Every structure is written in structure tokens, then in C-alpha cells.
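Peer 1: The following block contains the structure, expressed as C-alpha cells.
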Amino acid sequence: MSEKLDIPKTLKDWDGDFGAYMEAKEDKLRVQFRKEFESRKTLSVFAGVTIWVDGETSPSREELRKLVGLGGGNFETYFSRHLVTHIVAENLSASKIKELKKYRLHSICVVRPQWVVDSFVNKKIQPVARYLIPGMLDDHQKQLLFANKELKSSSMETGMVYGSSAGKAEYHRRTASRSTSENPNFVRDFFAQSRLHFIGSFRARYEKILARMIAEEGTLCKLPYDRCKAHERIVFHVDMDCFFAAVSVAKTPGLRNQPIAVCHARQNSEIVDSSCEISSANYEARAFGIHAGMFVGEARKLAPSLVTVPYDFEAYEKTSELIYRKFLEYAERVEAVSVDEAYLEMTGIQLPLKIRDKEICDIEDLAKELRVDIETVSGCTASIGIGSNKTLARIATKKAKPNGQFTIWSYEAIEKLSLLPVGELPGVGWITRRRLNSMNIFTCQQLRELSLETLEKEFGKQTALSLFETCRGKDNRPLDLYRPPKSIGAEVNWGVRFENNLQGLEKCKKFIMDIVEVVCERLKAADAKATKLSYKVLRKQKDAPPPKKYLGCGLVDEFSKSTSLPSSDSVMEIGPRCLTLHESLNVPLDDLRGVGIHCFGLEFSSHYRQRNNDITLSKYFQIDKNPQQLRIDSCLRIGRVFSKQDNMRKDKYHERVKDAPVSRNSEGYSHSLDELITKNGWSPEVFVQLPNELQQELLKDIQSSNQKPFRENSSSLSSSFRCCKRSRSKRNKENRTLLQPTLTQLDDIYQAKNQGLSQLVVAEEFQSRSIRECLEILQDVEHAKKPKIDIPCEYSNMMNSVRQEQEIWYRTLHNLMKDPFIELSKYVRTWIKQIEPFQPDLRRQHQEALFASIRHEIEKGHLYQVQGFMRLLGSIAIEYEDNWVSCMVAEIEEWIQSVMHKTYDGAVLKLD
DNA sequence: ATCCTCCCCTAC
DNA sequence: TAAGGTAGGGGAGGAT
């Protein structure tokens, strides 16, 4: 631990005065150096070379500095892994050699001073081979030498933006290390490839998919429904069989009847012990004992013949749309659960009916028909659970799999569930199962023998109630057709590795900001602004063994902190706050294993409301025109609102709506609803016509006036209203207490020039609230409103400068984040596929066009993500091996390097 | 008594 | 190599 004393422990440690001071000092030295040699520079031998002299040398440090300056190179007084291309040293001690060896990894040559002298005298960069330090040479260094020699002196000239040498790029490509510390495009790459991200973000995408389908085809449901004539509730739970695997098999018939597993690992990978996780295995593979979540290495041991198939997210999405189309043809009400799974409300279906001249007499036939339909359109099989409610349908599906169907009606639930293991119940995960098992509870029958009180003691009130009801097959939840999100977030807990030094710190901050940017994009896509922010980290447990999974987070502890925000969806607002929260969590850089950012208290813009109410969607979300039916629906839905806090009412509701015929129940309930409404002086007829959300809102108001408060989150709509109100009043309070910055305080902020992230953190740390409040006041002034306090003239001038500086910095950051190479990276594969079939000369034309746009962006100063783009090109070239693509890639790479070199100086200035 | 924060658990 | 996300509900315990 003593050797770590000089290493920063948290962001905070380095973001104080010391870091800023050093940077300023280094800048000054560089400017001095450039000025000194600008006019006297006679040669360009050292173009692109940056040396750092370690210890005593002969010729002296001063002389070496001069030679390099005159030769057009750069000289660093303090070592930086990013900037330095050559370390100049001699007579190194063993410990020093050990220390310097680690820089080999970054392709920094360690040479004797004579190399500088000889290169200068010969007016040409000398091969470094003859100038290496004895003891520093090993296989890797030799390899590096070879690479350098091959690339001749040009390798020495590559700019720092691209890495310290072409050898370095070569090295990166070979190792293809993909952690946060190696890949500047990590966050985007990660999300593009993450299966869990794909699964988890389905609901956020669903509304758009649905809108498109409805826009294309209008009302989709083709079956006759009459919910008034319904005698019982019928719910389908449709679930595709090993969806990801099935989609691949459908696309590639050669895979049929083979054991396949969907994962990232390549089929011919020589890695025997692959820690790549299987996300879906077909039944042929399952016969070997292979299952989702298993590592490929393990699976290959079980079945050497296993075929691994890469992910095809696009195909999953397309197939999903096809099957959802079918769902919507069969049912008016569909609750999307995931990409391959949905609930269909079949209550009120009028049987018998005809589908394509086929007589369908009972519900079983209908389910069969739906399964056949699904297989026809998608090539994949589905299983259907039929039940009197969601829970029963869901349990039935498990019994139906694969490619079958199963029915559980409420009257037979007790009997059919008796021997079901508790772990099979929805809502019972492995923790609850373990706890139940330890209480000697293994089956539903045993669980039913426990009283509600016993369960409450063990699991808490709500969890106990849901266990109590689920094991009896009771469930009154209506289908959730669509609900606006209550939170939006993003997290990355894989590949997070940072070195505990200044570079690591900068990369970490960039990483956090990358995630913030993703979150903000998602907020914007949902037309939401957040009023609350929660920041989460994973920290490596003390003495945790290396994770079994490659670049996994291993054994970690989780910490989170939250804060309130002025309603916002901007990187500029949320980013700095995340950095502040990050600091307050005090995680040593090299222990950080994951970061999550979640926004709550969402406020949706009016645009969103309009969109949500537009004709096509509202047609779907409010399909019922018959008031009688509307009443049923409002009851079902109100049930959900009531159920959480008010148990008495819930019981009442249960009694009424339970498993008996819907129409009778609903009438009974509507009656009391009517009473409730008329008591408040509203007309029930009018109430029934109102949009559902408004009904809920009103009902809640009645409730609160009856002194029966509800939890806020029981309705997202009202909770956003309330959050909005609350945060505003809070802000006003803050205004009163905080908006009195002293002149010294403002001066301090001004002094902490906001040119970079680290400085911003200082400013945040210092006076974050003052800055924000200042900006708010200035906004008021700008909009010709009377500011909330009187600002003396000198204050407002001062604040103006602060604001200007902030804005400059924000804009720089923004540009950085909006780097077009991120976009380009996304499309380059598609682009290649598109032009692949063209004749060579036509391809040439497209290539030229790409060159032109790359040049254009580089000239505009978009350089930050070029590295990532180049690396992507590298990996594409490897995939394509020896055809035109790799030639083209080589050409682009070479070309980018030359362009980069030309604009290098300008770029660095811009980025600084 | 109620709210808020920081977790935990679950589902896909 | 590999891509361990997203979102909702709920509980314990402290703050108000």
C-alpha cells in the first residue's frame, strides 16, 4: 500500500489544484519550447517524435532537448504515456528497467541518447535497434522493432491522436483488447453487441413498432369480440421456443436438427475455455445438458459437435414484428412482454368462427391455429399457455413447451398447481426459492399451507400477498397495453478497467460521459426530462479473485447515490452531476467494475402527449367505443391503482372481479364507482368518456380528499405531475437560500477555468450550485424577466464571463460527443455490404465519396473517435481477409494517417 | 405517519 | 477472448 501513495485514489484527489496546476505548467513549457525553436527549426527529422529524458544522460538533457527542437520534434518535461514516443535513457537500474518495461505495452521505445544525436547528424531517423538498452530487449520489443522497420520512418511520424506509432495500432489490432481502457468507442460498441441490452430495451422500442404496424394496416384484429357477452376471462400467454436459436435456424436451414447455441464466440475459435455466454440453445443442444447462461467452453465439453451461431438482432426484431402482427390479428388487446413473448386478452371471443374457411369451435382450436400461423410467418414455433388470468396462462406456457399448448382454468388451478415446484411460480426467483426451500417448502401445495401472516413475517407485506395469491392461481391484473416509462437509464458492468493514474482518470471521465450521453439520447427519444438522477457503481470486492468471465466484473459490491435535478435531458446538466456523484462514492479507479446511470421523476413534453394521443395509437389504446365496455376496462385498470396500498379496497375489488363472469362483476363494481363519482358532483357518463389516465388521476384526487392517500408511483402520470410540482418548490427554496454568491465565490469559479472536464469537476465541487443558480438568473435577465434577486452590476458581468466559458466548454464537449465517426462506425459494415456487388470502378467511386466525407469531417476537427473508427476498419479487414475490402481498408487507413498528420497540430489545439 | 434513499429481487 | 442490460416493485431503516 505504501507504493500506492503517489497514485490517485479517487477522481477527487487528482481534480484538485494539483492536477490543474500541473497541466497549466506543462502547457506553458510546451508553448515555451515551440516558441524557442519555431524560427530556428532547420530540419524535420524528428517530426512526430516526442522524447522524454529519464535521469542523467550524456549528452545532457538540455542538449537533447535542443537537438530534438531543432529537428522539428517535441520534448516533454514530464512523462506522459499519451504524448511520448521515445524515452531516452542510459545506465538504468534494475528497478527502473522494470518500471519502464510496462511502457513497451504502449509501443514506446526506450533508446539511448546516441539515437537522438545520430538521427540528427544523419538528418534521418535511425532504426532504433542499435540504440536499445540492454535488459530492455525481449520478444515483444523485437517484434515491435520489426514492425517499426517495416513501416520505416513513417511509423515514427504518426500523430498522438492516432497513437504513438503505427506499431502501436498494429499491436492494438492484434490483441484487439476491448476494455474501456483500450477502446475509446467502448460504450457504443458494447451496447451494439449486448444481448441483454437488446432484450432490456425492447419495451422502449415497442411503442414505435406498434405505431408503425397500425399505421400500415389500420385496425389489425380480425376476430369478433364482444366483451359484454363474456362468461369468463381468457388470457393467452404466447412464448416463442428458444427464440434466438430458432430465428437463426429459420434463416439457415442447414442448421436444422443440429445442436446450436447463440453466442458471441466464433465457430472455429481455438479458445477451448471460452467464457462466452450462451444466450439461447435449441432443444437439440439442450439434450446434451446445454442451457442459456452456460459458458461456451463448458458447453463444448458436453457437446463437441455444438454449432455456435452469432447474434442477429436485426432478424430478431423483424421476426418479432411478424409475430406481433399475428398477435394483433387475433386479439384487440396485446400486452408486450418481450421481443418473443406477449399476453393476449381473449375474453369475449365469439366462437365458433372461421379462419380461412376453417371452422374454429373452441379456444384450444384457436390457440392451435395461432401457433400454426406464427410458424408460417416466422418459421419459428411458439407455445401457448391458456388460462383464466395472466399468472395461470404464464404457468401453463411452461408446461406447454416446446411447440405445444396447455390450459389452466381457475377452477382447476388448485389441483393443477399442487405439485408445481415453488420456483416455477412467476415472481419466485432463486433467492425466494432458496428461502422457501429452507423453510421446507418445495411445492405450491406446501406453500398454500402457510398463513399470510407467516409469509408477511418472512417476506414483507406485498411480497407475501403476491406469493399467497400466486400459489392459489389468483391474479386480477389486467393487461398493460402500454405504460409510459417511470425511469430511463443505462449501465455498463462489463469490460470496465481503468489504470490508477491520470490517463486512467481521463478515460474514466470520458467513459462516464459516454454513458450519460446514451442516457440523454434515450430520454430525448422518449420525449422525457428527468428530475431525479441515480448513479451506481460496482466496486471490486477486496481480494476478489480474477473474474471467471473474460473482462467480467467479478465479485463486486454495489453502491449508489441519487440526487434531484432541474428537469433536464441534457448531457451538460446531467454529466457534471454524475461526475460529482461518482466522486462522492470514492471508488479507486482500478477497483471500478461498472457504472449505471438512471433517471427518474420523468416529465413528458406536450409533444409526447400529442403523439400518444394521435389517431392511430389512440385507436389501439382506446379501442372500446361502447361505454359499457369502457366501464369494464376502467374497472380492471382501476383495480391496479387500488391494489397497492389500500388492501381493504383491494379485497373488495377481489371479491367483485375475481374469477366469476366479468360482466356481472364489473357492473357491481361500476356501481360503487358511480357512487364515488356522483358523490364528488361529477357525471358518471362524462367520467366514463374520459381517457383512462385522466380517470385514474381524478380517482386519486377523490381518494386523497377522502384522506386515503396513495403511493405516488401508483400512477405514473400523477407522479410526474407531483414530482414536477415538488421539484419546483424545492428549487424555489434553494433559490432563497443559495442565490447570494459572494464576489469571492464568483471569482473562484471564474478562476477555475472551465476548459476541461477536470476543471469542471473542480468548479462543481467548489460551487456547483452557485454556477447553476447564476445561469438561471442570467436566463431570467435574458428573457427580460425580473431576476429573483437584485444583482449588482459587477456580479452580472462576472457571471457573464462564467457563462461564456462554460458554454465554450460545453460546446467542445458536445462536439466531442457528436463525433461523426461514431455514426460512420455504425454504418460502415452496411456500406461495405451495399457496394460489394458493384463493379470495381463503381466501387471506386463510392470509396472516393467516403474519402471525401472523412476528409471533410477531419477538417472540421472531428478527430476524437477516429481511433475507434480505424480500429473497426482493422477488424473488418481481418474478417474479409484477402479481397477488395481489405485493400480498400488499407488504403483508407494509410490515407487517414496522412491526413491526420497534416491536420495534427490544428487538431491538438482544438482538442486542448 | 410518511417520505426518501439505498439497496434487493425479479423478469425478459 | 467478449460485449454481465433495463425496468419495475418492494423493503429496511433513517429523516422529517
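The values are calculated or read from the model by the stated rules, or taken from the named source; none is laboratory data. The model shown is predicted, which means the values in this text are computed figures rather than measured ones. Note that we place each Cβ from the backbone using ideal geometry, even for glycine, and neighbour counts take in every protein chain shown. Surface areas here come from the heavy atoms of the whole protein model, side chains and all, with no ligands, DNA or RNA. Shrake-Rupley method; radii C 1.70, N 1.55, O 1.52, S 1.80 Å.
Peer 1: Please determine, by comparing only the residues of the stretch A:570-584 that are open to solvent by 30 Å² or more (accessible area, probe 1.4 Å) and of a type outside the set (Ser, Thr, Tyr), which one is nearest to DNA strand B (Cβ to nearest atom).
Peer 2: Looking at residues that are open to solvent by 30 Å² or more (accessible area, probe 1.4 Å) and of a type outside the set (Ser, Thr, Tyr), I get A:Arg577.
Peer 1: Is it true that some residue in the stretch A:469-476 is surrounded by fewer than 18 Cβ atoms within 10 Å (Cβ to Cβ) and within 15 Å of DNA strand B (Cβ to nearest atom)? I'd like the intermediate steps shown before the answer.
Peer 2: From the stretch A:469-476, those surrounded by fewer than 18 Cβ atoms within 10 Å (Cβ to Cβ) are A:469, A:472; that's our starting set.
The next check asks that each one be within 15 Å of DNA strand B (Cβ to nearest atom); those that pass are A:469.
Yes: one or more hits.
Peer 1: Another question, then. Six or more apart or on different chains, Cβ atoms under 8 Å: show the pairs whose first residue is in the stretch A:245-268 and open to solvent by 40 Å² or more (accessible area, probe 1.4 Å) and whose second is assigned to a helix (DSSP H, G or I) and within 15 Å of DNA strand C (Cβ to nearest atom).
Peer 2: Listed by first residue and then by second, the contacts come to A:His264/A:Gln193.
Peer 1: Given the structure, is A:Lys368 open to solvent by 30 Å² or more (accessible area, probe 1.4 Å) and touching a strand residue (DSSP E or B) at 6+ places or on another chain (Cβ under 8 Å)?
Peer 2: yes
Peer 1: Return a yes/no flag: does the stretch A:402-416 have any residue that is exposed (fewer than 14 other Cβ atoms within 10 Å of the Cβ), away from DNA strand B (no atom under 11 Å from the Cβ) and among the small types (Gly, Ala, Ser).
Peer 2: There is no residue in the stretch A:402-416 that is exposed (fewer than 14 other Cβ atoms within 10 Å of the Cβ), away from DNA strand B (no atom under 11 Å from the Cβ) and among the small types (Gly, Ala, Ser).
Peer 1: Still on this structure: I'd like to know if the stretch A:190-198 contains one or more residues that are farther than 21 Å from A:Leu322 by Cβ, among the aliphatic types (A, V, I, L, M), free of Cβ contacts under 8 Å to residues at least 24 places away in the same chain and open to solvent by 80 Å² or more (accessible area, probe 1.4 Å).
Peer 2: yes
Peer 1: Inside the stretch A:276-302, can you point out the residues that are over 21 Å from A:Asp340 (Cα atoms), crowded, with 20+ Cβ neighbours inside 10 Å and of a type in the set (Gly, Ala, Ser)?
Peer 2: The answer is A:Ala299, and nothing else.
Peer 1: Restricting to the stretch A:425-450, give me the number of residues that are open to solvent by 10 Å² or more (accessible area, probe 1.4 Å) and either more than 16 Å from DNA strand B (Cβ to nearest atom) or closer than 13 Å to A:Arg472 by Cα (or both).
Peer 2: Final tally of qualifying residues: 8.
Peer 1: I'd like the residue in the stretch A:451-468 that is of a type in the set (Ser, Thr, Tyr) and surrounded by fewer than 14 Cβ atoms within 10 Å (Cβ to Cβ) and, out of all such residues, is farthest from DNA strand C (Cβ to nearest atom).
Peer 2: Restricting attention to the stretch A:451-468, the residues satisfying the condition of being of a type in the set (Ser, Thr, Tyr) are A:451, A:454, A:463, A:466.
With surrounded by fewer than 14 Cβ atoms within 10 Å (Cβ to Cβ) added as a condition, the list becomes A:451, A:454.
Working: A:Ser451: 16, A:Thr454: 14 Å.
Residue satisfying both the conditions and the ranking: A:Ser451.
Peer 1: Right, another one. Of the residues that make up the stretch A:862-872, is at least one at pLDDT below 60, open to solvent by less than 60 Å² (accessible area, probe 1.4 Å), closer than 30 Å to A:Gly575 by Cα and of a type in the set (Ser, Thr, Tyr)?
Peer 2: No, the stretch A:862-872 contains no residue that is at pLDDT below 60, open to solvent by less than 60 Å² (accessible area, probe 1.4 Å), closer than 30 Å to A:Gly575 by Cα and of a type in the set (Ser, Thr, Tyr).
Peer 1: Just to be sure I understand, how many residues within the stretch A:513-561 are open to solvent by less than 70 Å² (accessible area, probe 1.4 Å), over 29 Å from A:Arg203 (Cα atoms) and part of a loop (DSSP other than H, G, I, E, B)?
Peer 2: Number of matching residues: 3.
Peer 1: While we're on this one: Answer with yes or no whether A:Asp340 is of a type in the set (Asp, Glu) and within 27 Å of A:Ala215 (Cβ to Cβ).
Peer 2: yes
Peer 1: Taking the criterion of being closer than 26 Å to A:Gln350 by Cβ, assigned to a helix (DSSP H, G or I) and either at pLDDT 95 or above or away from DNA strand B (no atom under 16 Å from the Cβ) (or both), would at least one residue in the stretch A:178-197 satisfy it?
Peer 2: no
Peer 1: I'd like to check something: does the stretch A:874-888 contain any residue that is in a helix (DSSP H, G or I), within 16 Å of DNA strand C (Cβ to nearest atom) and either under 22 Å from A:Lys507 (Cβ atoms) or modelled with pLDDT under 60 (or both)?
Peer 2: Yes, some residue in the stretch A:874-888 is in a helix (DSSP H, G or I), within 16 Å of DNA strand C (Cβ to nearest atom) and either under 22 Å from A:Lys507 (Cβ atoms) or modelled with pLDDT under 60 (or both).
Peer 1: A:Gly348 versus (1) within 12 Å of DNA strand B (Cβ to nearest atom); (2) at pLDDT below 95; (3) open to solvent by less than 40 Å² (accessible area, probe 1.4 Å): which is the lone unmet condition?
Peer 2: That leaves (1) as the condition not met.
Peer 1: Can you pull out the residues in the stretch A:462-518 that are in contact (Cβ under 8 Å) with a residue 60 or more places away in the chain, under 30 Å from A:Thr432 (Cβ atoms) and among the aromatic types (Phe, Trp, Tyr)?
Peer 2: Answer for the stretch A:462-518, where residues must be in contact (Cβ under 8 Å) with a residue 60 or more places away in the chain, under 30 Å from A:Thr432 (Cβ atoms) and among the aromatic types (Phe, Trp, Tyr): A:Tyr482, A:Trp494.
Peer 1: Among the residues of the stretch A:180-208 satisfying the criterion of being among the polar types (S, T, N, Q) and near DNA strand C (Cβ under 8 Å from one of its atoms), which is nearest to A:Asp590 (Cα to Cα)? Spell out the reasoning first.
Peer 2: Looking only at the stretch A:180-208, we keep the residues that are among the polar types (S, T, N, Q), and these are A:180-181, A:183, A:185, A:193-194, A:201.
If we keep only those that are near DNA strand C (Cβ under 8 Å from one of its atoms) too, we end up with A:183, A:193-194, A:201.
Values: A:Asn183: 16, A:Gln193: 25, A:Ser194: 23, A:Ser201: 30 Å.
It comes out as A:Asn183.
Peer 1: Could you check, for the stretch A:220-237, whether at least one of its residues is farther than 17 Å from A:Asp480 by Cα, small (Gly, Ala, Ser) and assigned to a helix (DSSP H, G or I)?
Peer 2: no
Peer 1: Test A:Leu302 against the stated conditions and say whether it is at pLDDT below 95 and within 18 Å of A:Glu207 (Cα to Cα).
Peer 2: no
Peer 1: Consider A:Thr563 against the criteria (1) more than 13 Å from DNA strand C (Cβ to nearest atom); (2) touching a Leu at 6+ places or on another chain (Cβ under 6 Å); (3) at pLDDT below 95: it satisfies all of them except one. Which criterion is unmet?
Peer 2: If we test A:Thr563 against (1) more than 13 Å from DNA strand C (Cβ to nearest atom); (2) touching a Leu at 6+ places or on another chain (Cβ under 6 Å); (3) at pLDDT below 95, just (3) comes out false.
Peer 1: So, one more: When both residues are 6+ apart or on different chains and their Cβ atoms are under 6 Å apart, which pairs have a first residue that lies in the stretch A:47-76 and is over 18 Å from A:Ile133 (Cβ atoms) and in the same structural domain as A:Lys124 (by TED's automatic domain parsing), and a second that is open to solvent by less than 30 Å² (accessible area, probe 1.4 Å) and part of a helix (DSSP H, G or I)?
Peer 2: From the stretch A:47-76, the pairs are A:Gly48/A:Met156; A:Leu67/A:Val116; A:Gly69/A:Phe37; A:Phe75/A:Phe33; A:Phe75/A:Val68.
Peer 1: Among the residues in the stretch A:286-299, are any touching a strand residue (DSSP E or B) at 6+ places or on another chain (Cβ under 8 Å) and among the charged types (D, E, K, R)? Walk me through it before giving the result.
Peer 2: First, the residues of the stretch A:286-299 that are touching a strand residue (DSSP E or B) at 6+ places or on another chain (Cβ under 8 Å): A:290-296, A:299.
Those still in the list that are among the charged types (D, E, K, R) too: none.
No, the stretch A:286-299 contains no residue that is touching a strand residue (DSSP E or B) at 6+ places or on another chain (Cβ under 8 Å) and among the charged types (D, E, K, R).
Peer 1: Something else now. Is there a residue in the stretch A:547-561 that is without any contact (Cβ under 8 Å) to a residue 12 or more places away in the chain and on the phi > 0 side of the Ramachandran plot?
Peer 2: no
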